[in-house]
Amino acid sequence: MSTNELITEMLLYNVLVALIRLKQILAKTDEGHLQYLITAIFYEILKSEFPLKTDVSKRKQKSMTDKILKLEHYIIELRGMSKEEGQASVFIIALEEVEDLKNSKKGGESVIQTLREDMGSELCASLEQLIEKHAGNPAELKDELNLIRKHRVTQTELMKNTLCEIGELVCHDVSKQPEHKGHSVHKNDVLERLGLEEYCNEKLSMRHIKKISSQTIQSNKPSELQEVPWYFIQKLMMVHSGALKLNCKESQCAKKYKGQLKDKENEDDWLSDDTEDTLVLNPLDIIVAVFMCSDHFVQQELVQKMSMCQIAVPFLLPNYNGGCYILQWALRAIRKKWHQTLEGNKISVIEKDIVTHPMLAVTFIRLGDLQHSKSAFLNSLLSGSQDHHSFFIHSEMEGGDVPKKISNGLVELNWYLPQKKENEERILEPMVVMNLRGDAKSLSTQVGFLFDVSSMIFVFLDDIGEEEEKVIATLSKSKSNFFLLLNITSNKTEAVRRRLKHLKSMCEITRDNILVRGKKRNEEFVSAVWSAICKAERRYVTLEGMSAACRKMGLDIDEDYQPCKAGRENADKVLFHLNPNKIIKFKEEIFPFQGLHWQEFSRIDKEYQRLKNTGEKTPLEYAKELEEKKKELHQKQLENELSPAIKMFIEALLRSTDDERLFFLHWMKFKLDSISLTILPKIQEKLKNQITGTNEKEQLLNRLSRSSLGLEHFLREIGQIYEASFYCSDPDLKKHLTKLPGAAADMLLSGLPVELIDGDVSNIPIRWVSDVLKQVQIKTHPDTRIFVLSVLGLQSTGKSTLLNTLFGLQFAVSAGRCTRGAFMQLICVDHHMKAELGCDYIMVIDTEGLRAEELLNVTNNYEHDNELATLITGLSDIVLVNLSSESNSEMQDILQIIVHTLIRMKEVGIKQSIYFIHHNVSDLSANVLNLSGVTQLLKQLDILTQMAAKQENKEETYTKFSDVILYDLKKTMKYIPGLWHSPPTMASVSSGYSEKVFELKQELVEHIKQERKKRLSLTISDFITLMEDFSNAVKSEDFIFSFQNSLAAIAYSKLSSEYSDWKWEIHKSFTEWKEKAERRIKNCEEIDNLVPALKSEADELARTQELEGLGKLQAYFTSDVNNRELIENYRHHFEVNIKTLCMECKGNAVRKCEEFIKLHQSLIDFQKLIHKYGEEIEEKVNELLQKCKLEKNKLTETQLKGEFEKMWEKM
């Protein structure tokens, strides 16, 4: 061999060694399919794992350079492909490489087999099936693989298009318009006395009224007028029906005023009372002043709370520059329930948006001064026969007799709502009552508006003069029903009679239009008015529809505020194609990212932590496979186009001013909740009354879940778009993508809830939630600290209502939809209290109701509830556990699971505090009555903690419940009365409920102060780390969550331990039988006759072991083992396991015997072959020796090698 040939051969050999090393490197990357490109391209050269130099020299004519260039090209092409697509491409490349061979079909089959062996367990199951299907036909296989690759190319294009769409949405910079400012208010004496003049231009915002401050945790009555507005707001946020008791002593001013009076003291002052010592304002003036100085969202919040307290709400507000202002937006959040009588006297509960529902609008006005209070009469009209409630402020209330300064012209609303057992004299439909404050003679604008919009107008008057006659004449021309309510003194009777005759000649007034009070008692006159209402012609109107009359008269409407209009327009665009009757289809079309792929991702994500089904793979291989699947699912998510609705939703979030975005989100919520009110109650009614079987119940529950549509679904879709895009996109796009979590962070900082745990799949979208919280950190301060408070409880135990009352939050409590998953809200801590509390925000987490009866009956699965409860407990500093007399046992089960899991996961470095909130406790004696029950509960939890600790070998660390979760029986056991003062629909929130919840708030704030002394609250970064770690820990725990309680888990664990022993005995019996069978095979000459006998023996052994195992299981369940009845439902599971185990052991034993037979037979055949070839070689060598002797010819080394090659080829 020449020197050049030797050098070439050495170079080629070194190249092959380098390729083998490259293959090993590629195998360790995340894209392992790239390693198989080397086998595919260099197949002919790499037939042997360690090629010899001679092999290289025989193929040195082939162009290694071309192949190396091909390899580089294909590595670039296959990068970023999924595992399946990458492997399919490798097979196609390999088949193309062997097409030039003479026998391409044989070469194709050979390279396919080589690649299959090379990929081993890494080969995708789908490709394995395809190869089996086209065995022996490489051309057909290649066509099928090309179809897969073509489909994948299409999918990649779709994914790129979606990413481009997302990029256009988030990268588009829009110069935001300047924020619009609301109406400014001219300062007046009332605003100055109340200290509200600073809010005439910059209005009170939600941030002002919701923050935790020293003012919001005090319950003392105000000592100065400047404190009165804040006291009023605080009481309303507590939903306290005593919010209108606003009398106070104005310390400094009072002294000054009294001093002035002393200087002027004379005999004329002897009859004066001490009212100057109190200096009160009429509560109506305070209400008007607060509303004048509040922004739209505060007005809406206050109106909602006033409605819950059954306090009349302002509708037509005397406002700016002496004009009027309609509060239509402020009323949007109010929903009311009432009883409606259907055919056959069937009664149904109706819940509707009060602004849009058509109803009777009955107006009450007065002309001149009256002997009896109009508003007091309206309270009697609306109150039941037994329960009297002051809906409207009147002269006999605290401060009600103080002359009004700025509230004349105010129109207030309240509603009459039919109850289940309604008085026969009352109407059986809802009615809005409108009350004009002040003398209607001087309020022509308000009277003109009410003239246009009312169904009926009732006019109170004690005398009819010329001015009264003019007003009556005008009102009588109204299309509305018109009534005069007369209370004439005897000395004016004749004059009034003459006026009425004159009116009769001028207007169409009949006797039916006049109701005379005379000597009637109040109850009798109330009955007379109700009778007139019932008999009058019906004219239904909506509060929303009244806006036309407002605009016609030139009145301002709060919904004409430009950001409000822009928000509504955007919401209308997003929901334009939403048909309430096709809500499921709508969700499928506009929310593709949170569909089946997200559900599968959540399932795989949990399996990734548990590695439960590894099979024959190593944990590392299995984890790598799951990681690949998660990536593929994100890619499949991106194959979906963004729906037009979601595009418009994102645009509205990112391209609106702050005000416009807030209005848009509120409009979205109102519209979606309104749709839910029309759909969900019908399904819920069927669930209650029309269930005939489990299948029907499952269908209805599925329909109920799929028909639920709220703002959280839109935000969830954006979260999924973000997660999928972030996983697959380039760095430049990732920078712009942060605008999406940034928008959600703005929502949190504005006081709106954001989803923490997706309730439909029970999973936290970790990247999305983490990045939302990181944006909060960026928008506030790098060291922002949060204290986390959460609530747990059974379904419909008032968790959301409790949190809303505690902190004035906006968790959903209506619209027919229960909370699913968990939602978080942030409450700002006033800067004066930050150092004292050690945190900047309190994060409040509301959770879905646990142990939903209808779901348990169908699924009998506790895993979801137990995981949720454990995760929320682990993330919280304080957990409020809602209890009722009916729910103690269920909550005990959940607490057991929480404790057991926290011990098992070793996540109790920081112990959570727990408050037990016992609801619907109506009297003081209940403290004593319930204390024994709760003490018993805690004793039981101590015992269960010890049992769980023993099972986890931590007896010394955890000996009682408080070792895991902190509690103090005296301090943390709270008793709260029922929510409603009396049965709804006209009931107000119980003042006892409000006061007890406020006491709880004070204690919680004090608790936070005490915790501050022990440790600092978590920073947002710390919370994110805790959330990620705890979420993974919960996902990795697959045992304890499946049980109703810890006792069941422990009982199951004991049985599992017994089963392990039985399982070992079964394995042992089959192992011993297999060893004996192998010895028989070795000694058997007629192996073929032995196989049937072995199979028969294995069958018999399996039957015997199965009977023995089932017998042991039966004996276990009839023994005196503790708590075996708790796992009776699992008996069938173990029976199946025993039967399956025996079948598997039999199958494995028979298969191994068959493999041993084949191996033994192969050894025999191999020995025979060696013997045969040995004889042939010996014979050939002897022949060659004889030939050389005869020819007397001595062969050279080269000749000997040639002769050997000839002989070898023949063999």
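The values are calculated or read from the model by the stated rules, or taken from the named source; none is laboratory data. Keep in mind the model is a prediction, meaning the values are calculated, not measured. As a convention, Cβ positions derive from the backbone with ideal geometry for all residues, glycine included, and neighbour counts pool all protein chains shown. All accessible areas refer to the heavy atoms of the entire protein, side chains included, with ligands and DNA or RNA removed. Shrake-Rupley method; radii C 1.70, N 1.55, O 1.52, S 1.80 Å.
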For residue 890, the lone unmet condition from (1) farther than 22 Å from residue 1026 by Cα; (2) modelled with pLDDT of 70 or more is (2)
Which count do you get for residues in the range 454-468 that are in a helix (DSSP H, G or I) and touching a helix residue (DSSP H, G or I) at 6+ places or on another chain (Cβ under 6 Å)? 1
Can you confirm whether residue 959 is at pLDDT 85 or above and either farther than 13 Å from residue 241 by Cβ or more than 31 Å from the chain's Cα centre (by Cα) (or both)? yes
Quick one: in the range 443-491, of everything that is among the hydroxyl-bearing types (Ser, Thr, Tyr) and touching a Ser or Thr at 6+ places or on another chain (Cβ under 7 Å), which residue is modelled with the lowest pLDDT? 480
So which residues in the range 320-332 are at pLDDT below 90 and open to solvent by 10 Å² or more (accessible area, probe 1.4 Å)? 320, 321, 322, 323, 324
Expected output for the range 331-342 (first residue closer than 24 Å to residue 411 by Cβ, partner modelled with pLDDT of 90 or more and among the polar types (S, T, N, Q), Cβ below 7 Å, 6+ apart or cross-chain) is 332/300; 333/300; 333/304; 334/304; 334/307
Of the residues that make up the range 1131-1138, is at least one in a loop (DSSP other than H, G, I, E, B), free of Cβ contacts under 8 Å to residues at least 60 places away in the same chain and open to solvent by less than 70 Å² (accessible area, probe 1.4 Å)? no
Within the range 32-56, considering residues that are over 20 Å from residue 88 (Cα atoms) and open to solvent by less than 30 Å² (accessible area, probe 1.4 Å), the one modelled with the highest pLDDT: 45
Taking the range 383-416, which residues are open to solvent by less than 10 Å² (accessible area, probe 1.4 Å) and modelled with pLDDT of 90 or more? 391, 392, 393, 407, 409, 410, 411, 412, 413, 414, 415, 416
Top-ranked residue in the range 422-468 [being among the basic types (Lys, Arg) and closer than 25 Å to residue 542 by Cβ; ranked as surrounded by the fewest Cβ atoms within 10 Å (Cβ to Cβ)]: 426
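Conditions (1) open to solvent by 40 Å² or more (accessible area, probe 1.4 Å); (2) out of contact with any Lys or Arg (no Cβ under 9 Å at 6 or more places or on another chain); (3) free of Cβ contacts under 8 Å to residues at least 60 places away in the same chain; (4) outside any helix (DSSP H, G or I), marked per residue:
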| residue | (1), (2), (3), (4) |
| --- | --- |
| 962 | no, no, yes, no |
| 969 | yes, yes, yes, yes |
| 974 | no, no, yes, yes |
| 978 | no, yes, yes, yes |
| 985 | no, no, no, yes |
| 996 | yes, no, yes, no |
Any residue at all in the range 821-840 that's buried (at least 23 other Cβ atoms within 10 Å of the Cβ) and more than 22 Å from residue 881 (Cα to Cα)? yes
Screening 612, 585, 636 for residues that are within 30 Å of residue 670 (Cβ to Cβ), open to solvent by 70 Å² or more (accessible area, probe 1.4 Å) and either in a helix (DSSP H, G or I) or not small (Gly, Ala, Ser) (or both) leaves only 585
Of the conditions (1) surrounded by fewer than 17 Cβ atoms within 10 Å (Cβ to Cβ); (2) in contact with a helix residue (DSSP H, G or I) (Cβ under 6 Å, 6 or more places away or on another chain); (3) under 24 Å from residue 531 (Cα atoms), residue 477 clears all except one; give me its number. (2)
When you scan the range 407-446, how many residues do you find that are more than 45 Å from the chain's Cα centre (by Cα), under 30 Å from residue 466 (Cβ atoms) and in a loop (DSSP other than H, G, I, E, B)? 2
Considering only residues that are touching a helix residue (DSSP H, G or I) at 6+ places or on another chain (Cβ under 9 Å), among the β-branched types (Val, Ile, Thr), part of a loop (DSSP other than H, G, I, E, B) and open to solvent by less than 50 Å² (accessible area, probe 1.4 Å), which ones fall in the range 506-550? 509
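A quick yes/no check of all residues on (1) of a type outside the set (Ser, Thr, Tyr); (2) modelled with pLDDT of 85 or more; (3) outside any helix (DSSP H, G or I):
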site	(1), (2), (3)
1106	yes, yes, no
1113	yes, yes, no
1121	yes, no, yes
1160	yes, no, no
1164	yes, no, no
1178	yes, no, no
1185	yes, no, no
1188	yes, no, no
1205	yes, no, no
Look at residue 895 and say whether it is crowded, with 23+ Cβ neighbours inside 10 Å and at pLDDT 70 or above. yes
Give the range 566-580 a look and list any residue that's touching a Ser or Thr at 6+ places or on another chain (Cβ under 9 Å) and either within 24 Å of residue 637 (Cα to Cα) or polar (S, T, N, Q) (or both), or say none. 570
Take the range 306-343 and flag every residue that is among the charged types (D, E, K, R) and more than 19 Å from residue 362 (Cβ to Cβ). 332, 335, 337, 343
